[in-house]
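Trainee: Below are the structure tokens for one structure; questions will follow.
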Amino acid sequence: MQARAPLMIEHRLIERMIAIIKLILVQIEKEKKVDPIFVDITVDFIRIYADRTHHGKEEDILFRDLEEKELSKEDRQLMNELIEEHVIGRKTTRKLVEANSRYRNGDKSALSEIASTLSLLADFYPKHIEKEDKVFFPAARKYFSEQEDHAMLDKFWEFDRKMIHEKYISVVEAFEKQ
């Protein structure tokens, strides 16, 4: 298995969540309401799975290892673009959290912001994923030997093994701060 395989498998789960978000967007339009708990779960999925777990492997392992390589101008530019897109995803998710909080507290006007932010995420992720799967990952593969690629795969597995602990340490620490 190549190192990019787990990243592409994760993309498939993200795509499944995006499909659910699109269904909920239709429901929001029809019913003029949203379940704030669905939004909370969506935020958790995006923050923990899509961003911390998936983008974490990309940024903390793949992109970091690529920094040590002599990338072509185009590949370096694309990597930087992907990093910036991760930042945009984080900012968009923060907006969703803020809008959901307002909505939960009775601000019905926040519904349109929730819908537009969910729509932004539903548009953003498929394009971002396609760029990685079809352009960046194949281009990045050429910079690594088989041994380096297998070592990166091992780093990915180790990263995943630590994630559940990181998640729940942060849960406990958040409660302790309250």
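Laboratory data are not the source of any read-out in this text; all were calculated from the coordinates shown. This one's a predicted model, so the numbers in the text were calculated from it and none came from an experiment. Backbone-built Cβ (ideal geometry, glycine too); neighbour counts: all protein chains shown.
Trainee: Rounded to the nearest Å, what's the spacing between the alpha carbon centres of the range 112-151 and the range 4-54? Just the number, please.
Mentor: Computed from Cα coordinates, the inter-centre distance equals 15 Å.
Trainee: While we're looking at this one, here's another question. Just tell me which aspartates and glutamates come within less than 14 Å, Cα to Cα, of Lys32; anything on the same chain fewer than 8 places away is out.
Mentor: Cross-link targets: Asp107, Glu113.
Trainee: Lysines near Lys142 by alpha-carbon distance under 25 Å, same-chain residues fewer than 8 away left out - which ones?
Mentor: Lys142 reaches Lys57, Lys69, Lys73, Lys127, Lys131, Lys134, Lys155.
Trainee: Report the label-to-label distance for Lys91 and Arg141 in nanometres (one decimal), using points 7 Å from each Cα along the Cα→Cβ vector.
Mentor: 3.3 nm
Trainee: Hey, got the dipole for the chain? About the Cα centre, +1 on K and R Cβ, -1 on D and E Cβ, debye to the nearest 20? Walk me through the numbers on the way to the answer.
Mentor: Numbers: 31 positive and 36 negative charges, 151 e Å.
So the dipole magnitude of the chain works out to roughly 720 debye.
Trainee: So, R0 is 22 Å and r is the distance between the beta-carbons of Gln2 and Asn80; what FRET efficiency does that work out to, to 0.05?
Mentor: 0.45
Trainee: Normalised by the residues of the chain, what does the relative contact order come to in percent, with Cα pairs under 8 Å and at least six apart?
Mentor: On the way: 104 pairs, mean separation 68.5, N = 178.
The value is 38 percent.
Trainee: In the range 4-177, with Lys and Arg counted as +1 and Asp and Glu as -1 at Cβ, which of these residues, Tyr49, Ile114, Pro126, has the Cα nearest the positive end of the dipole, that is, farthest along it?
Mentor: Of the candidates, Ile114 comes out farthest on the positive side.
Trainee: Next up: Please list, or write none, the lysines whose alpha carbon is within less than 27 Å of the alpha carbon of Lys177, excluding same-chain residues fewer than 8 places away.
Mentor: Output for Lys177: Lys91, Lys95, Lys162, Lys167.
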